[in-house]
Amino acid sequence: KSGTKLKKLQARVLGMLSQCPANLLDPLISIYQLHTADRNYLLEHVSHLYLQGNYKEAAMLSIKLKLQPDQDVEKMCTPLLLQDKAILVEEYVAEYPELQRKLLQTLDTWCEPSFNIRDIIRPYQGLSKYKPEKFNRRVLSKLIFRLLERFNVDSALCPNVINQRHLRTLNYLFYKRFVEKTMTEENWADHIQSTVGENRWLQGHLVQSLLRHCDTRGAARWAQHCQVPPEMLPQAVAEELQKLHIQDRVEEATKVDNYEASKKKDYYQLPIPRENIHFLQTWEETLRCWEKVLQAGQVVGVDMEWKPSFGMVGKPRVALLQLALKDEVFLLDLPQLLEQAEAEGEKEKLPHFIQMLYADAAIIKLGYGMSGDLSSLAATCSALKDTEKQMQGVVDLLAVDKQVDGLSPEHSPEERGVRQPEKGLSLLVQHVLGKPLDKTEQLSNWEKRPLREEQILYAASDAYCLLEIYERLCKDPESFGLGSDLTESLMGKQSKNPRAKKQLNKQEAPSPSGQEFQGPRTEPSHPPAPISPQEFSVVCDNMLQGLGRYLRCLGVDVRLLANEDDHRKAAEIARQEGRVILTSGLPYQTLRSQVGEGRCFSVNCSQKAKEQALQVLKHFNVQVSLGDIFSRCQ
C-alpha cells in the first residue's frame with residue numbers, strides 16, 4: 001500500500017501499539033513503515049499517550065520512532081524516574097549526547113541543597129506505581145554518576161552532585177584522621193588538598209570541620225597547609241595563622257615521626273633490606289625485573305595499589321603493581337610505564353609481560369582477593385581484560401583465609417575468643433605471622449609522585465607478606481586448622497602444562513626460600529569395576545555447578561548445592577543418600593574426613609566442565625553409552 005491507503009493503515013496500527021507486547025513493536029513499525037509517517041502526527045499521538053498517564057508507553061514508542069530530539073527530555077523522563085524506571089530513561093537518551101547533557105543538568109539541579117524536591121513530585125500526586133522511597137537525593141546522585149560513566153560525560157556538568165560527593169569524602173577523611181585515628185598526617189593532607197582544591201564552597205566546609213576537630217592553632221596550621229585563603233577564615237584563626245612559624249611545623253612533624261617510629265614495633269616488618277626494594281619507572285629497569293620474575297619455579301607475591309575513589313565515577317585505575325620475590329620487591333609505576341610505552345609506539349609491551357606472568361603455570365602467583373585486583377588492572381589497560389580467564393598457577397590467599405583457624409601458634413588458648421581489631425589480609429598476617437600489617441598508608445594517594453618512604457615500605461610489605469604466609473602455611477598447615485595435604489590443595493589449580501610438570505612435582509610446592517615441602521603420597525589402587533551413569537550418584541559442591549549440570553546431561557544422578565549452602569551440607573547429603581562428594585580446593589580437607597574412604601573427590605577447578613567430567617568419569621570408571629545422554633530430566 002502507499003499514499004492515502006497506507007496513511008489509514010498507519011493511523012489504525014498506531015492506536016494499537018501502546019497495547020501490544022514490546023517484542024511486536026519493531027516488526028509492526030517496520031511492516032507499516034511508521035518511520036515514513038508524518039512526524040507531527042506521530043508526536044501528537046505520543047503526546048496523547050503521555051496526557052493519558054501512559055508515560056512508559058509514550059517513552060517506548062518515542063524510542064522506537066526516534067522522536068526524542070523533538071521532545072522535552074525533562075518532561076518525558078520525570079514521571080519515569082518517579083516510577084523507578086531509570087533503565088528506560090537511560091535508553092531514552094542513549095543515542096543523543098545533547099539530551100544526555102540536558103538530562104544530567106536537570107538531575108543535578110534537583111540535587112542543589114536549596115532545591116525543594118517536592119516541587120517535582122507535586123504535579124504527579126496521583127501517579128500509579130509511584131515509588132517515593134526510590135526518589136531522593138541519594139538515589140539521584142547514584143543515577144547521575146552512573147550516567148556520567150556510561151555516556152562518558154565530563155563530570156563538571158554536574159557541580160552540585162560532585163560537590164556533595166566531595167563533601168562526604170571530606171567528612172569521611174575527618175572521621176578517619178580525628179575519630180578513628182587510622183590515617184597518617186601526610187596521607188590525610190594529600191587527600192584533603194586533592195578533594196578541596198580551590199573550590200571556595202568546599203574550603204568553607206573545610207574551615208568549619210577544622211574548628212570542630214582542632215583548637216585554633218591546629219585549625220590555622222591546617223588552613224595554611226591546605227592553602228585556604230585568609231579572607232575565608234574566622235578572625236581568631238586568621239590571627240593565629242600570622243603567628244605560626246616554620247619551626248613550629250618542623251617540631252610538630254618530628255613529634256609525629258617519633259610516634260610513627262614507636263608504633264612500628266607492633267606491626268609486621270619487612271625482612272629484606274631497604275635497598276632491595278626497587279621503584280621502577282623506565283623500561284630498561286622493568287626488563288631486568290621481568291628477567292628475574294619470569295623464571296620457571298619462581299614464587300611471586302603480587303599486589304596492586306590505586307588511589308581511593310571515595311565513591312567517584314569509574315573503576316579505580318592501578319597506580320602501582322608490586323611483585324615480591326624471595327630477596328627483593330619490584331614496585332612498577334604503571335601510569336608512567338604505560339605512557340612511556342605508548343610514546344614509543346609499543347603500548348602492548350606491558351600487557352604482554354603481565355599476561356605471560358599470569359598464564360605461566362610454572363610460576364606460582366600469590367595474591368589476596370585477586371579478582372578485584374584484576375578487575376582494576378583491566379580498567380587500567382583494556383588489553384588485560386581477559387587475564388583472569390587465562391591465568392594458571394595462582395593461589396588466592398583470600399580463599400585460604402576463610403579456612404584458617406583464628407588461633408595462630410603464637411597465641412595462647414585464652415586469646416582464641418578475643419575479637420581482633422584487624423581485618424582482611426592484615427588479620428591473616430596476624431594469625432599466621434604473629435603481627436598485623438600497618439594499614440595506615442592503605443588510603444594513600446597512590447597516583448601522586450614521588451611516593452613517600454612510608455608508601456614504598458607499605459606497598460612492598462603488602463606483596464612480600466604473601467610469600468611468608470604461603471611458606472608458613474605449607475610448612476605447618478595443621479597448626480592453623482588446615483588439612484595436612486594443604487600443599488596439594490593449594491596447587492590444585494595448576495595446569496597440565498608440560499613445563500609446569502617439569503618444574504613442579506604433583507606433591508611438591510616450592511617455597512620462597514627454595515625449599516620443597518613434601519605433601520602426602522597416595523598409594524596406588526586398582527581401578528574400580530565399571531558402572532553405568534544410572535548407578536553413579538553424586539553431590540556437587542556449590543563451586544562445581546557447571547560440572548553437575550554436565551554430568552546430569554550424561555545420565556548421572558546429581559544433586560547440586562545452592563550458592564548460599566555451607567560446604568558441610570554436601571557431607572550430610574552424601575551420608576543420607578549414599579552419594580559421592582565432588583568438591584575442590586580447601587573444602588576437600590574438611591569433607592573427606594566426614595564420609596567413607598573414596599567417597600569424596602577433589603576436582604581441578606581451573607578446568608572447564610567437560611574436562612572435569614572426563615576426570616570424574618575416568619576416576620570412578622563410569623562407562624557412558626549413547627542411550628545415557630539426556631536420559632535424565634535437565
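The values are calculated or read from the model by the stated rules, or taken from the named source; none is laboratory data. Please read these numbers as outputs of a predicted model, since none were measured by experiment. Because the Cβ atoms are built from the backbone with ideal geometry, glycine has one as well, and the counts that use them run over all protein chains shown. To get the accessible areas, we keep the full protein, side chains included, count just its heavy atoms, and leave off ligands, DNA and RNA. Shrake-Rupley method; radii C 1.70, N 1.55, O 1.52, S 1.80 Å.
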How much of the accessible area of segment 533-620, probe 1.4 Å, is carbon plus sulfur, in whole percent? 44
Packing rank of 599-605, 618-624, where each peptide gets the mean count of other beta carbons within 10 Å, highest leading: 599-605, 618-624
5 Å is the cut-off here: which amide hydrogens, built 1.01 Å from N in the peptide plane, fall below it relative to residue 319, excluding neighbours closer than 5 in sequence? 305, 306, 307
Just need the relative contact order of the chain here, percent rounded to a whole number, with Cα pairs under 8 Å and 6+ apart. 9
Cα-projected label distance for residue 386 with residue 43, points at 7 Å along beta-carbon direction, nm: 4.8
What whole number of Å gives the distance from the Cα centroid of segment 123-163 to the Cα centroid of segment 530-573? 45
Got a sec to turn the phi values of segment 93-109 into Karplus ³J(HN,Hα) couplings, 6.51 cos²θ - 1.76 cosθ + 1.60 with θ = phi - 60°, whole Hz, x for Gly and Pro? 9, 3, 9, 10, x, 5, 5, 4, 5, 4, 4, 5, 5, 4, 4, 5, 4
Spelling out what I want: for every residue of segment 333-346, take phi, set θ = phi - 60°, compute 6.51 cos²θ - 1.76 cosθ + 1.60 (Karplus), and round to whole Hz; glycine and proline get x. 7, 4, x, 5, 5, 5, 5, 5, 5, 5, 5, 8, x, 10
Note to self: with every protein chain in place and a 1.4 Å probe, the chain gives an accessible area per residue in Å² of 52
Antiparallel DSSP beta bridges within the chain, percent to nearest 5: 40
Surface share of carbon and sulfur [accessible, 1.4 angstrom probe, percent] for segment 30-149: 48
Which residues qualify? For residue 280, with a placed amide H closer than 5 Å and at least 5 residues away or on another chain, they are 331, 332, 333
When the helix-only estimate is applied to the chain (DSSP H runs of n ≥ 4, each -39,500 (n - 2.57), divided by the residue count), what is the mean residue ellipticity at 222 nm, nearest 500 deg cm²/dmol? -14500 deg cm²/dmol
Taking Cα pairs closer than 8 Å and at least 6 residues apart, the relative contact order of segment 161-245 in percent is 24
What is the packing order of peptides 320-327, 154-161, 273-280, taking the mean over residues of other C-beta atoms within 10 Å and listing the highest first? 320-327, 154-161, 273-280
Please list, in order along segment 566-571, the HN-Hα scalar couplings obtained from phi with the Karplus expression 6.51 cos²θ - 1.76 cosθ + 1.60 (θ = phi - 60°), rounded to whole Hz, x for Gly and Pro. 6, 4, 5, 5, 4, 5
With an 8 Å cut-off on Cα pairs and a minimum separation of 6 or more residues, tell me the relative contact order of segment 72-153 in percent. 42
Residue 431: accessible area at probe 1.4 Å, nearest 10 Å²? 20
